[in-house]
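One structure below.
Quick note: the coordinates plus some simple rules give every number you see, no bench work behind them. These numbers were taken from a predicted model, which means no experiment stands behind them. Cβ: placed from backbone, ideal geometry, glycine included. Neighbour counts: every protein chain shown.
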């Protein structure tokens with residue numbers, strides 16, 4: 001019964017929203033998404049159905065206050081890959097207060113740091129993970145203050161509030177702009193154990209090529225330190241074909257498969273196993289109606305890879321249809337094609353075919 | 001008698017030269033029409049794709065039509081802000097231009113993204129306008145050398161035909177050909193060329209509004225990206241207010257992130 005609670009709340013809210021006066025003041029929107037996955041598991045093919053509702057309710061109150069909530073309902077059915085009953089979550093719930101010199105955001109929010117396309121080493125709040133990737137990254141409970149220094153520059157302070165207080169982070173970033181480049185420097189106190197991170201990023205244009213980069217250096221309390229960085233470039237042709245390349249150096253990763261830390265990977269403590277990765281992407285849009293994308297991630301240390309082609313069709317103004325596949329491959333025992341001892345969930349190393357419909361309201 | 005004839009001929013040529021307008025004067029007059037201190041606009045972008053000539057009517061018909069609504073603010077030629085209001089899938093997408101920098105806010109990822117390099121050439125929201133086109137508001141005089149190459153009638157209006165060639169590197173199109181209304185100094189047709197001479201885009205203006213004070217402004221434009229075979233985008237300005245007071249801090253990254 002519990003899983004239907006959100007539906008009742010949603011219906012109730014929509015009913016209330018039907019009142020014109022209410023709808024005038026409130027911003028109500030979101031999407032409904034239905035997805036069918038056909039998975040070529042190692043033992044046998046399986047089918048899974050995934051449904052998701054995301055409901056945004058927001059309101060600007062006067063010139064100085066904005067409140068925003070997003071309720072999410074997820075459900076997975078069929079011969080499930082993993083047991084995932086319907087569940088609700090309040091993924092965003094925050095208030096923004098605008099003072100003359102500072103914008104304060106308190107509550108569960110998305111804090112998106114970094115300039116990279118795929119990997120964001122500076123983003124300590126919600127880094128990229130293949131196994132956790134969804135359309136939106138999860139929110140994080142935090143208080144954030146942004147102090148504008150100019151039209152394109154600001155200082156940012158973040159204090160997170162996590163379930164385990166030992167993992168609470170304090171972060172500071174200063175961002176600026178010079179010529180055609182944006183750049184930032186940041187410091188993050190990663191936990192109460194005294195682990196710290198210094199970093200920075202840039203994005204701009206060099207000889208008409210879009211260039212991006214991020215760098216961090218982590219100083220652990222134990223005295224050990226490591227770095228991570230990305231370098232990326234993009235180029236768009238007159239025909240609307242866009243090419244992207246990105247290299248990721250993960251100083252915490254291993255170059256030898258036998259040294260991979262599978263336990264930390266599967267529990268979500270780390271997001272990559274190896275040291276060197278390469279991303280190549282190509283996309284092309286046809287008006288606002290069709291888009292084709294091809295993404296390729298290569299673990300250059302063990303040769304395993306992910307190929308992700310997708311075709312998008314805007315059927316109606318607010319209705320999109322997606323058709324795609326996600327193939328993970330490589331030698332057995334590698335990051336994207338692990339054996340059953342390394343990955344007991346069996347989620348990696350498969351080919352997923354998917355079709356989904358998404359209606360925005 | 002011959003002398004008198006010469007004098008009349010001389011006076012006639014002198015008078016003609018005195019009245020002749022140069023290419024540069026024409027684009028200065030266009031700039032006077034198109035540039036303003038501040039502006040607030042609401043507009044629609046109608047993207048038509050899959051255009052084919054209907055066998056029955058003989059007219060081009062679009063297979064699919066997508067309409068988008070947006071709110072725009074601009075200050076001089078350096079600052080511009082645009083926010084999409086419709087459809088729901090694009091609602092909340094915002095753009096900010098300051099000088100040569102362009103940023104985009106995507107509500108789906110809640111992130112400000114800088115658009116740089118050739119990414120500026122990409123189609124804006126699937127339309128025939130690129131990011132560069134949509135944020136272009138610089139003075140023509142500053143960027144181009146202009147040459148008057150002729151006069152002809154276009155859309156039943158007497159027009160000057162002016163060719164512009166870039167005199168600075170930072171231009172989207174190396175060569176531009178304009179058909180400028182002789183009376184209103186608004187261009188009714190614009191052809192945009194690459195340095196190679198290849199025709200990239202054609203824009204046609206089908207409605208011009210008088211905004212008072214002798215100022216005219218195009219309010220219905222149709223852009224065709226010639227590299228696409230079967231699409232065109234109508235850009236319709238539904239309302240325009242010039243030299244108005246704009247919301248404080250509208251041209252800032254701070255505003256881009258606001259809810």
Please state the Cα pair-distance histogram of the protein assembly as shown with 20 angstrom bins from zero: what percent is in each bin?
16, 48, 28, 6, 2, 0
Inverse of mean 1/r across different Cα pairs in chain A, Kirkwood, Å:
22.7
What's the average, rounded to a whole number, of partner chain beta-carbon atoms within 10 Å of each residue's beta-carbon in A:230-238?
4
Need one value for A:287-294: mean number of C-beta atoms belonging to other chains within 10 Å of its residues' C-beta atoms.
6
Relative contact order for the stretch B:15-149: what is it in percent, counting Cα pairs under 8 Å that are at least 6 residues apart?
21
How tilted is helix B:2-19 with respect to the longest principal axis of chain B? Cα atoms for both, answer in degrees (0 to 90, nearest 10).
10
Tell me, B:233, A:345 in order of fewest to most beta-carbon neighbours within 10 Å?
A:345, B:233
How compact and how long is the stretch A:196-289, expressed as Rg and Dmax of its alpha-carbon atoms in Å?
17.2, 54
Using Cβ contacts closer than 10 Å as the measure, can you line up A:63, B:31 from fewest to most?
A:63, B:31
Helical mean residue ellipticity (222 nm; -39500 (n - 2.57) per DSSP H run of 4+; nearest 500) of the protein assembly as shown:
-3000 deg cm²/dmol
Nearest 10 degrees, 0 to 90: helix B:23-34 Cα axis against chain B principal axis
40
Whole-number percent relative contact order across chain A, with pairs defined as alpha carbons under 8 Å at least 6 apart
11
Among B:59, A:42, which comes first, second and so on when ranked by fewest other beta-carbon atoms within 10 Å?
B:59, A:42
